[in-house]
Amino acid sequence: MKFVFTDKKITLPAAVHAYAEKKVGKLDRFFKEDATANITFSVEKERYNRVEITIRSSGTIFRVSESTSDMHASIDAAVTTLERQIRKNKTRLEKRLRQGAFERVVDESEISTFAPEETEEGEYRLVRSKKFPIKPMTREEAILQMNLLGHSFFAFKDEDRSGAFSVVYRRNDGGYGLIEDEV
């Protein structure tokens, strides 16, 4: 696994990077040779140490972000959350991950619930814009990718509908919804 470290508004000693590499490196058994781990360190409001880990492997993206008062604790929490994500989606991921990645037995952890944030009415202000290639995939793969990213929706080209633009989203009742283009 290749590691890329980014420090935002903070300068960390090499020992913290080495600790993160050691902890995230333990997840190497799940990924194939082409895996890249981007680890971003930042400080929020001068109190919370935030760690964001993004792992790209075989066209699948795993992302997790954790904040605590200690950088080492944030790293530990992020790795634990990432491992929980992988184990939760074990059966769906087995064909994309390294053979024998799930041979160890670990108890399933509790799953956090999703609660959308309340927003105030006002003028519409676009605060962020992203560009990314939209890949053709099945609906199940799109839901899996959405869950791995920790997002509440995911746009994709639906293989079942000849590449038509579609969006899957997480509903408040815990289920999933699908928005399809009228092609």
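Some points to look at:
- Complete set of residues in region 2-43 that are aromatic (Phe, Trp, Tyr), open to solvent by less than 50 Å² (accessible area, probe 1.4 Å) and closer than 21 Å to Ser67 by Cβ: Phe41
- Within region 149-166, residues that are open to solvent by 60 Å² or more (accessible area, probe 1.4 Å) have Cβ atoms under 7 Å from residues that are assigned to a loop (DSSP other than H, G, I, E, B) and not basic (Lys, Arg) in these pairs: Lys157/Ile134; Lys157/Gly163; Glu159/Thr138; Asp160/Thr138; Phe165/Asp181, counting only partners at least 6 apart in sequence or on another chain.
- Residue within region 56-67 that is out of contact with any Pro (no Cβ under 6 Å at 6 or more places or on another chain), without any contact (Cβ under 8 Å) to a residue 60 or more places away in the chain and under 18 Å from Lys9 (Cβ atoms) present: yes
- Qualifying positions in region 156-177 - under 18 Å from the mean Cα position of the chain (by Cα) and within 10 Å of Arg139 (Cα to Cα): Phe156, Val167, Val168
- Residue check for Glu123: in a loop (DSSP other than H, G, I, E, B) and modelled with pLDDT under 75: yes
- Region 59-90, residues that are in contact with a Lys or Arg (Cβ under 6 Å, 6 or more places away or on another chain) and open to solvent by less than 30 Å² (accessible area, probe 1.4 Å): Thr60, Ile75, Val79
- Qualifying residue in region 3-14 (condition: of a type in the set (Ser, Thr, Tyr) and in a loop (DSSP other than H, G, I, E, B)): yes
- Some residue of region 44-58 being closer than 25 Å to Ser152 by Cβ, within 17 Å of the chain's Cα centre (by Cα), surrounded by fewer than 15 Cβ atoms within 10 Å (Cβ to Cβ) and at pLDDT 80 or above: no
The values are calculated or read from the model by the stated rules, or taken from the named source; none is laboratory data. Model, not experiment: these values are computed from the prediction. Backbone-built Cβ (ideal geometry, glycine too); neighbour counts: all protein chains shown. Quick note on the areas: whole protein, heavy atoms, side chains included, nothing else; ligands and nucleic acids left out. Shrake-Rupley method; radii C 1.70, N 1.55, O 1.52, S 1.80 Å.
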